[in-house]
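Each remark here refers to the structure printed beneath this line.
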Amino acid sequence: NWTMARFLDQEIARIRDLVGPEGQVLGAVSGGVDSTVAAKLMKEAIGDRFWAVLVNNGVMRLDECEQVERDLKQHLGINLTVIDASKDFLDGLKGLHDPEQKRKFIGGKFIDVFEAEAAKIEEAAEKSGKGTKIGFFLQGTLYPDVIESLSFKGPSATIKTHHNVGGLPERMTNGQGLQLIEPLRSLYKDEVRELGRTLGIHEELVMRHPFPGPGIAVRILGEVTEEKVRIARQADHIFISEIRKAGLYDQISQAYAAVDPSRAVGVMGDKRVYGYIIILRAVTTTDFMTAEAFNFPWEFLQRVMNRIVNEVNGVCRVTYDITSKPPGTIELE
Ligand code: XMP
């Protein structure tokens, strides 16, 4: 009979067999559950012959890059390289207002940065004495992703372009002859979490809400600027910390604070001010295809509102988005 521990043993054996005693593997990580579980599995299977790469794209959450580095390197012992490309990303986002353009830019830039770094890592891997050159590429594809890519080949797929960290251009896997390894492709999300626990990944990481590849860039309506990134990060951090403090995190499927760049009037002290509007969103869902807004206690929302207007410079209003999906998507863009 099927158990997670047995699945883990079988996967480790399968990977060792596929990669061989000398083979090396490259993979992108984001700090999300899927890429972290896939990376830890590789670590267990082949140790430091797995090379993980984290690209800081400038639109991760507050202190997230450092947090992910701590989790993956120190806690999980993964052979990780962090690339800070935040300036390139933020520069390139200037002047882009359209959500699809922003997604396209971030997805494309990610591939450029990753490819440039992959070349260096391959060189380092070759010189490391850990094995032969890199021949494999790890991807944290889940079963629902497999199904989706099989069934949506038509225009329905273009409602929103989903850029996933780890989704690499065909030329990397074909052109450079890297063979794909997708150890999670038979699993659903809750099974990936279970596998994560079996691998000893701590509960907070295993239960992390999903985070879109284009990060808070799709949570800032319109053009992304450094000021709006700061505001989105601070407001999001307050919202998520209060959710954790209230013990609600695991009851919510996904939550975040977004920035509406149209400015509203407010009074601060005895002065009239114009500030950005923060839109809080928190949903429950099982499959992310439909969702309901989370029913927070009123006092909770008031507490978050008070903290955000007092602590985040440049904000004078806070709203809570109660739209269900459909018609509202989970992200605002
Ligand atoms: P929507 O907004 O379509 O979101 O209701 C459904 C789920 O997908 C995530 N999402 C994305 N993930 N790249 C990603 O990797 C994207 O461009 C993207 N857009 C939405 C969203 O966070 C939610 O979990």
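Under 12 Å from the Cβ of Cys316, count the other residues' Cβ atoms, weight Lys and Arg +1, Asp and Glu -1, and hand me the total.
Taking every Cβ under 12 Å from that of Cys316, the sum is +3.
Just how far, in whole angstrom, is the range 194-236 from the range 249-281 if you go by their alpha carbon centroids?
18 Å
Would you mind checking the range 52-91 for residues with the amide N under 17 Å from a putative spin-label position 7 Å along Cα→C-beta of Glu226?
Within reach of a label on Glu226, which here means backbone N under 17 Å from a point 7 Å along Cα→Cβ, the range 52-91 contributes 57-60, 62-63, 84-91.
With θ set to phi - 60°, apply the Karplus curve 6.51 cos²θ - 1.76 cosθ + 1.60 along the range 226-231 and write out the HN-Hα couplings as whole Hz, x wherever there is a Gly or Pro.
4, 5, 5, 5, 4, 5
Let me check the size of the chain from its C-alpha atoms; what are the radius of gyration and Dmax in Å?
That works out to 20.8, 71 Å for Rg and Dmax.
Given the pairs Lys87/Lys120; Lys104/Lys133; Lys87/Lys228; Lys40/Lys133; Lys245/Lys271; Lys130/Lys189, which are separated by over 24 angstrom at their Cα positions?
As for pairs spanning more than 24 Å Cα to Cα, those are Lys104/Lys133; Lys245/Lys271; Lys130/Lys189.
Give, in nm to one decimal, the length gained when the segment between Glu182 and Glu292 is fully stretched (0.36 nm per residue of separation minus the Cα-Cα distance).
Extra length available between Glu182 and Glu292 comes to 36.5 nm.
Can you pull the percent of the chain's accessible area that's carbon plus sulfur, 1.4 Å probe, other chains left in place?
51 percent
Between 0 and 90 degrees, rounded to the nearest ten: what's the tilt of helix 189-198 against the longest Cα principal axis of the chain?
In the chain, helix 189-198 runs at an angle near 60 degrees to the longest axis.
Quick check: residue separation of Ser149 and Ile12 times 0.36 nm, minus the Cα distance between them. What number comes out in nm?
The Ser149-Ile12 span can extend by a further 46.7 nm.
The values are calculated or read from the model by the stated rules, or taken from the named source; none is laboratory data. Keep in mind that what you see is a predicted model, and the values were worked out from it rather than measured. Counting neighbours? That spans all protein chains shown, and the Cβs are built from the backbone with ideal geometry, glycine included. Side chains are part of the model used for accessible areas, which takes the heavy atoms of the whole protein and leaves out ligands, DNA and RNA. Shrake-Rupley method; radii C 1.70, N 1.55, O 1.52, S 1.80 Å.
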